[in-house]
Amino acid sequence: MNPQHSPYPDIEDLGRGGFAIYAPAKINVGLHVLGKRPDGYHEIETVFQEISWADRIEFYPARDWTLEIHGLDLDPGPENLVNRAAQELSREAGVPCRGRVVLSKEIPLGAGLGGGSSDAAITLLGLSRLWGIGWGVTRLCELAARVGSDCSFFLYGGMAKGRGRGEVIEPGHGCLDGEIVLVVPPFGVRTAWAYEAGGFPLTRDEESVIFPSCHERGGSSQFDRDLFSNDLENIVLKKYSELSDIKASLLRLGAQWASLSGSGSTVFGVFPERSRAMHAAQQFGSPLKVRVCRAVGRLRES
């Protein structure tokens with residue numbers, strides 16, 4: 001099925017009780033920081049958009065617990081978000097933590113694409129199925145929020161509004177129009193640093209800037225792009241001038257709109273045509289990683 005017209009998530013049957021689920025990346029279509037909260041986190045509003053770039057996680061029945069990671073040199077130890085998600089679900093559901101999980105990484109780390117959070121959320125969905133718990137998204141959201149601020153979004157996919165720390169999700173219909181060129185530099189940006197460097201004051205009551213400007217027509221979302229700014233962008237681009245250069249290049253190459261995703265380090269541009277997007281992508285060389293994706297919409301219950 002076309003992922004723009006299918007339920008979430010994408011699952012592949014592997015036989016003998018095994019299955020694979022794809023853990024997608026996201027971009028932030030605007031990010032507004034309302035201020036710092038008394039608990040030390042920041043109150044935000046954003047629009048999350050699933051894109052066609054994903055890790056693959058295989059789940060198999062087993063008598064004990066093992067996690068294998070391929071594609072990137074990641075520690076499969078207790079602090080890995082997949083392990084943390086598994087332990088949270090095991091403890092909450094009162095079932096043994098068993099299974100063989102194979103994570104094949106495609107999404108770069110520290111790039112503002114949510115790869116680790118996506119892996120954790122898909123682990124919750126996959127283990128709920130593997131262990132026969134059958135918990136729905138609403139019940140899993142509380143566990144996802146404990147693992148990471150934007151984990152909850154990846155229980156829904158598609159397009160969704162995010163509030164709070166990013167864990168309060170309002171799923172939407174449709175998806176962003178256009179071809180998306182993502183340019184990822186060979187370094188990440190620490191999210192905690194970006195927020196702290198912004199020096200945001202304590203949360204203030206403020207009328208939403210992003211959400212009223214997002215409306216959906218005919219299955220795709222239309223935006224007033226002037227309102228979809230990223231409050232972290234100037235902070236990050238000031239320190240990393242190469243990211244500012246990437247954004248300028250995307251606009252010069254014909255992007256209708258370009259932005260930092262989350263706290264970065266990925267910069268993306270939205271192009272009206274695939275041919276123009278492919279031409280733009282070819283203008284960036286090593287050590288940059290470049291990917292042309294589409295936004296993904298998902299079926300929602302009425």
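Could you give the angle, 0 to 90 degrees to the nearest 10, between helix 81-93's Cα long axis and the longest principal axis of the Cα atoms of the chain?
Helix 81-93 sits at roughly 50 degrees to that axis.
Just add up the charged neighbours of Pro7: K/R +1, D/E -1, any other residue whose Cβ is under 10 Å from the Cβ of Pro7.
0
How many angstrom separate the Cα center of region 124-190 from the Cα center of region 7-22?
So the separation of the two Cα centres works out to 18 Å.
Report the full-extension gain for the segment Ala248 to Glu301: residue separation times 0.36 nm, less the Cα-Cα distance, to one decimal in nm.
15.1 nm
When you count, for each residue, the other Cβ atoms within 10 Å and take the mean per peptide, how do 158-171, 239-252 rank with the highest first?
With the highest mean Cβ count within 10 Å placed first, the list reads 158-171, 239-252.
Note down the Stokes-Einstein diffusion coefficient of the chain in µm²/s, whole number, using a Kirkwood radius over alpha carbon pairs, 20 °C, and 1.002 mPa s.
In µm²/s, the coefficient rounds to 109.
Give me the number: length gained by fully extending Trp193 to His173, i.e. 0.36 nm times residue separation minus the C-alpha to C-alpha distance, one decimal in nm.
3.9 nm
Could you give the Stokes-Einstein D for region 3-172 in µm² per second, using the C-alpha Kirkwood radius, 25 °C, 0.890 mPa s?
152 µm²/s
Can you sort Arg146, Arg84 so the residue with the fewest Cβ neighbours within 10 Å comes first?
Ranking Arg146, Arg84 by Cβ neighbours within 10 Å, fewest first, gives Arg146, Arg84.
Could you give the nm distance between label points at Gln283 and Arg139, where each point is 7 Å from its Cα heading toward the beta carbon?
So the label points at Gln283 and Arg139 sit 5.2 nm apart.
Just how large is the dipole of the chain about the Cα centre, in debye to the nearest 20, putting +1 at every Lys and Arg Cβ and -1 at every Asp and Glu Cβ?
So the magnitude is around 340 debye.
No value in this document is a laboratory result; all are computed from the given coordinates. Not measured: the values here are computed from a predicted model. A quick note on method: Cβ atoms are made from the backbone with ideal geometry, for glycine too, and the neighbour counts reach across all protein chains shown.
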